[in-house]
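Peer 1: My questions all concern the structure below.
The values are calculated or read from the model by the stated rules, or taken from the named source; none is laboratory data. What you are looking at is a predicted structure, and each value in this text was computed from that prediction instead of being measured. Heads up, the Cβs are rebuilt from the backbone with ideal geometry, glycines too, and the neighbour counts pull from every protein chain shown. Ligands, DNA and RNA are stripped out before the accessible areas are found, and what is left, the full protein with its side chains, is counted by its heavy atoms. Shrake-Rupley method; radii C 1.70, N 1.55, O 1.52, S 1.80 Å.
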Amino acid sequence: PAFERYREPVDVSIRPDGSFTIGVTRAGTMRVEARAEGFAGTRSMPFEVRRNDVVPAVEVSLQRGARLAVTVLDRETRGPVTHAVVDVHHASPILGQPRSGASSTIPTSDLGVRVARGTTGRDGLVVLESMPEGAFVLRIRRDGYAPTCSGVVRVDDQSSPGSLEILLGRGGAIE
């Protein structure tokens, strides 16, 4: 199969034992990124590649991902908010320790890298599958509502919240 990174095709040969060979056409610092349904995506540590060189033993391990269900409701009516966009960001160290509870306003510049995105359905629900472990902040947006951020949510096999309810207030924002 061929994979694409930076719009450059890469040939990958995967053997039955899970080992693989990647054909690259340029030298530089690389990472191997692996994804599979039901698993959290992961990246290898960076490694150097020289043209026509063989890099020994780059290991990538996939772990089963956690499932996070988010229900977005109108703050006043408690009715479902459809078509709300839920972005999941790594929690930045500036946000402190994981906590749950009331929603808050967090400047977009303080959010970490986005790791997942989903859109709510008619019931206000979005289910995010294959979440990696870690501390995250959910940012929820919908036209006619003020953008809202959750508190820091910890996701791992033992303490995943499983489901969250987020309340959106009517209004808007200048971003």
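Peer 1: Quick one: accessible surface of Ser13, probe radius 1.4 Å, all protein chains present, in square angstrom to the nearest 10.
Peer 2: 70
Peer 1: Expected output is a single nm value to one decimal: the length gained when fully extending between Asp143 and Glu48, i.e. 0.36 nm times separation in residues minus the C-alpha distance. What is it?
Peer 2: 29.7 nm
Peer 1: How far apart, in nanometres, would the label points at Glu133 and Ala69 be if each is projected 7 angstrom from Cα along the Cα-to-Cβ direction?
Peer 2: 2.4
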